[in-house]
Amino acid sequence: MPGPMLRRMRVAGILCALAALLLAPMAEATDLRVAVAGADGRPVADAVVTVRVARAPPGRIQFPWPMAIAQHHMEFDPFVLIAPAGATVAFPNLDPVRHHVYSFSPAGPFELRLYGRDESRSVAFRTAGVIAIGCNIHDNMSAFIYVVDTPYAAKTDAEGVATLRDLPPGAATLRVWHPYSRAPDGHTERAITLAQSGQASERFELRLRAPRDAGGHY
């Protein structure tokens, strides 16, 4: 059994290690607020905002929202979903009719043949890119999955604002995508430099085309 002196030395070592952790400086990071509006000044919802940095944190990318797009009231909900590459997305049917969900997008083509109320199907999306989704029975239904390989991603709310938190300082690329943007592939981007800490803000103005149906989302 270790003697009293050895035990005291071990306790002192543990206390020193804890003190060093408590006194160590907090990792510096910046919160970025991005406002997106149309050419008419109106806020644009459902725009995907991503930031790419030189060195992203290691580990699996996870987001706090559900990895699901429901069929409800003859619409897809949500209209735009951000998902990390490798995620499995569920497609529950909450409508009293059957749906046939599909995508021809090169980043993740799939087909979920007719299934009814309270049934669900799922698809894994392994490649970053935009997945346009439709229903083979109801042409007015549309949605998009934006698959990302960066943990720094958010979607604008009804006020056209997205906030990305805990971004590392330094050079970065800020990108905004919207399904109705007239920009090439729907993307607009710019280079930015993030400060050591605090809050930063950016603003984008998008030129939008009209949605294909009266139920568009902006």
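Residues that are assigned to a loop (DSSP other than H, G, I, E, B), within 26 Å of G38 (Cα to Cα) and either under 14 Å from the mean Cα position of the chain (by Cα) or among the small types (G, A, S) (or both) within segment 129-150 comprise just one, T150.
Every residue, every condition in (1) under 19 Å from P84 (Cβ atoms); (2) touching a Phe, Trp or Tyr at 6+ places or on another chain (Cβ under 6 Å), yes or no:
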residue	(1), (2)
H100	no, no
E111	no, yes
R117	no, no
R121	no, yes
F125	yes, no
I133	yes, no
N136	no, yes
N140	no, no
F144	yes, no
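When D118 is tested against (1) acidic (D, E); (2) free of Cβ contacts under 8 Å to residues at least 60 places away in the same chain; (3) at negative phi, exactly one condition is not met: (3).
Which one is nearest to A29 (Cα to Cα), of the residues in segment 166-196 that are at pLDDT below 95 and charged (D, E, K, R)? Taking the candidates together, the pick is D166.
If I filter segment 60-90 down to residues being of a type in the set (G, A, S) and assigned to a loop (DSSP other than H, G, I, E, B), which single residue comes out as surrounded by the most Cβ atoms within 10 Å (Cβ to Cβ)?
Step one: of segment 60-90, the residues of a type in the set (G, A, S) are 68, 70, 83, 85-87, 90.
Narrowing the set further to residues that are assigned to a loop (DSSP other than H, G, I, E, B) leaves 85-86.
Values: A85: 17, G86: 14.
Among them, the one singled out is A85.
Counting only residues that are under 21 Å from R98 (Cβ atoms) and small (G, A, S), which one in segment 133-163 is surrounded by the most Cβ atoms within 10 Å (Cβ to Cβ)? Quick ask: steps written out before the conclusion?
We begin by selecting, within segment 133-163, every residue under 21 Å from R98 (Cβ atoms); these are 133-143.
If we keep only those that are small (G, A, S) too, we end up with 134, 142-143.
Values: G134: 17, S142: 20, A143: 25.
Result: A143.
Scanning segment 46-59 for residues that are over 15 Å from A191 (Cα atoms) and either surrounded by fewer than 10 Cβ atoms within 10 Å (Cβ to Cβ) or in contact with a helix residue (DSSP H, G or I) (Cβ under 7 Å, 6 or more places away or on another chain) (or both) yields a total of 3. Contact map, segment 139-161: residues that are in contact (Cβ under 8 Å) with a residue 60 or more places away in the chain and under 16 Å from A45 (Cβ atoms) paired with residues that are among the β-branched types (V, I, T) and part of a loop (DSSP other than H, G, I, E, B), Cβ distance under 7 Å, separation 6+ or inter-chain. Pairs shown: A143/I69; T156/V44; G160/V44. Annotation note: Cβ proximity below 7 Å between a residue of segment 38-61 that is at positive phi and a residue that is in a loop (DSSP other than H, G, I, E, B) and among the hydrophobic types (A, V, I, L, M, F, W, C) (sequence gap 6+ or interchain) occurs for D46/F79.
Give the residue, chosen from A210, A158, A200, that is over 14 Å from the mean Cα position of the chain (by Cα), assigned to a loop (DSSP other than H, G, I, E, B) and under 14 Å from A35 (Cα atoms). Step through it out loud before you land on a result.
Values: A210 fails: under 14 Å from A35 (Cα atoms); A200 fails: assigned to a loop (DSSP other than H, G, I, E, B).
Every option except A158 fails the conditions.
Considering segment 49-59, the residues that are of a type in the set (A, V, I, L, M, F, W, C) and in a loop (DSSP other than H, G, I, E, B) include one that is farthest from the chain's Cα centre (by Cα), namely A54.
The values are calculated or read from the model by the stated rules, or taken from the named source; none is laboratory data. Just so you know, these numbers come straight off a predicted model, no measurement behind them. So basically every Cβ, Gly included, is an ideal-geometry build from the backbone, and we count neighbours across all protein chains shown.
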